[in-house]
1. Of the residues that sit in region 222-248 and are under 15 Å from V274 (Cα atoms) and within 15 Å of ligand 4 (Cβ to nearest atom), which one is surrounded by the fewest Cβ atoms within 10 Å (Cβ to Cβ)?
2. Name the single residue, out of those in region 18-35 being in contact with a strand residue (DSSP E or B) (Cβ under 8 Å, 6 or more places away or on another chain) and without any contact (Cβ under 8 Å) to a residue 60 or more places away in the chain, that is nearest to N130 (Cα to Cα).
3. Restricting the search to region 20-55, which residues are of a type in the set (D, E, K, R) and either outside the structural domain of L90 (by TED's automatic domain parsing) or over 16 Å from the mean Cα position of the chain (by Cα) (or both)?
4. Against the condition surrounded by fewer than 22 Cβ atoms within 10 Å (Cβ to Cβ), closer than 19 Å to H170 by Cβ and within 15 Å of ligand 2 (Cβ to nearest atom), how does T75 come out, does it pass?
5. Of the residues G216, G242, G163, which single one is under 19 Å from A140 (Cβ atoms) and at pLDDT 95 or above?
6. Any residue in region 119-132 that is of a type in the set (K, R) and outside the structural domain of L19 (by TED's automatic domain parsing)?
7. Among H170, H193, which is the only one that is farther than 27 Å from Y231 by Cβ, within 16 Å of ligand 2 (Cβ to nearest atom) and touching a Ser or Thr at 6+ places or on another chain (Cβ under 9 Å)?
Amino acid sequence: MSILNADLHCHSVVSDGTLTPEQLAQRAHANGVELWALTDHDEVGGQHRALAAARAQGIKYLTGTEISVTFAGHTVHIVGLGFDPDHPALVQGLRSTRGGREARAREMADQLAQVGITGAFEGALKYVGNPDLISRTHFARYLVEIGACRDTPEVFRKYLTEGKPGFVPHRWASLQNAVHWIVQAGGMAIIAHPGRYGFTANEEYALFTEFKNHGGQGVEVVTGSHSAQEYLEYAGMAKEFGLAASRGSDFHSPDESHTDLGTLPWLPGELTPVWELLSDRIQ
Ligand code: AMP
Ligand code: MN
Ligand code: MN
Ligand code: MN
């Protein structure tokens, strides 16, 4: 059952990816993906298109999103899978989570102007597919375009992150609300790429414990953001906390992402895959 080419994390133009849901479905199918989910940041606006495109390609589909959360002063991402994309609590919760993005983006641009990078708000907007979802990724594309950096990883080393120009602290959803919105809409909440947060062991323990207490059920083990060592580490955490395990590339763009759709290693065999618990929600 673990030997299923499931890719349950990626982004379209509805958030900060560069491909449409239809282009992603086509690419997923071409890469041998058998079960797919589109997980745009703080958005479900692409879900009906993604499901139709998956059907057209003959691949199975789970609805998805990736919610931005502020936990203990850090940004954490919670993936939701297999929910009703029209559920009012989820739709309204995501709308409120997206709310502050434009004001944040204007502040980011003001900061960049102070270090001589002008026009960043308008520049980033050129890359935005959804006016509700201007993100740091869109600024990164503009900084590469004007030659301020060679590629997006360099942007996130020199700008837009804590202590660097263009970083604006932001308060996202609470962990409890994010998990509850997903669960109320009939879905499963999953901790996205835990290896990326730079947490101490204590902070990580607190995240996993509170997440479980709120009703969270899964953790990404095999993701484009983890090293082989981290696959083992988070396989251990999944077992310790009794969480199901997920697999997803976090693909954003053919030009930017080093992990393509459907190309990750299999989930370790001893784990319960999230799709086993979601079998009745696969479409
Ligand atoms: P935002 O939601 O506006 O804070 O933007 C977060 C997005 O920025 C993430 O979803 C990634 O797509 C991108 N990002 C953050 N850190 C990095 C990084 N170090 N390298 C490449 N992309 C990054
Ligand atoms: Mn992103
Ligand atoms: Mn993420
Ligand atoms: Mn993501």
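The values are calculated or read from the model by the stated rules, or taken from the named source; none is laboratory data. Just so you know, these numbers come straight off a predicted model, no measurement behind them. Here Cβ is always computed from backbone atoms with ideal geometry, including for glycine, and neighbour counts include all displayed protein chains.
1. Per the stated criteria, the residue is V222.
2. A25
3. Pass one, region 20-55, residues of a type in the set (D, E, K, R): 22, 27, 34, 40, 42-43, 49, 55.
Across region 20-55, the qualifying residues are E22, R27, E34, R49, R55.
4. Numbers: surrounded by fewer than 22 Cβ atoms within 10 Å (Cβ to Cβ): yes; closer than 19 Å to H170 by Cβ: yes; within 15 Å of ligand 2 (Cβ to nearest atom): yes.
Against the criterion (surrounded by fewer than 22 Cβ atoms within 10 Å (Cβ to Cβ), closer than 19 Å to H170 by Cβ and within 15 Å of ligand 2 (Cβ to nearest atom)), T75 qualifies.
5. None of the other options fit; the residue is G163.
6. Scanning region 119-132 turns up at least one residue that is of a type in the set (K, R) and outside the structural domain of L19 (by TED's automatic domain parsing).
7. Of H170, H193, the one residue that is farther than 27 Å from Y231 by Cβ, within 16 Å of ligand 2 (Cβ to nearest atom) and touching a Ser or Thr at 6+ places or on another chain (Cβ under 9 Å) is H170.
Every residue, every condition in (1) over 21 Å from W275 (Cβ atoms); (2) within 16 Å of ligand 3 (Cβ to nearest atom), yes or no:
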position: I3; (1), (2): no, no
position: L8; (1), (2): no, yes
position: S15; (1), (2): yes, yes
position: A28; (1), (2): no, no
position: G32; (1), (2): no, no
position: D42; (1), (2): yes, yes
position: Q47; (1), (2): no, no
position: L51; (1), (2): no, no
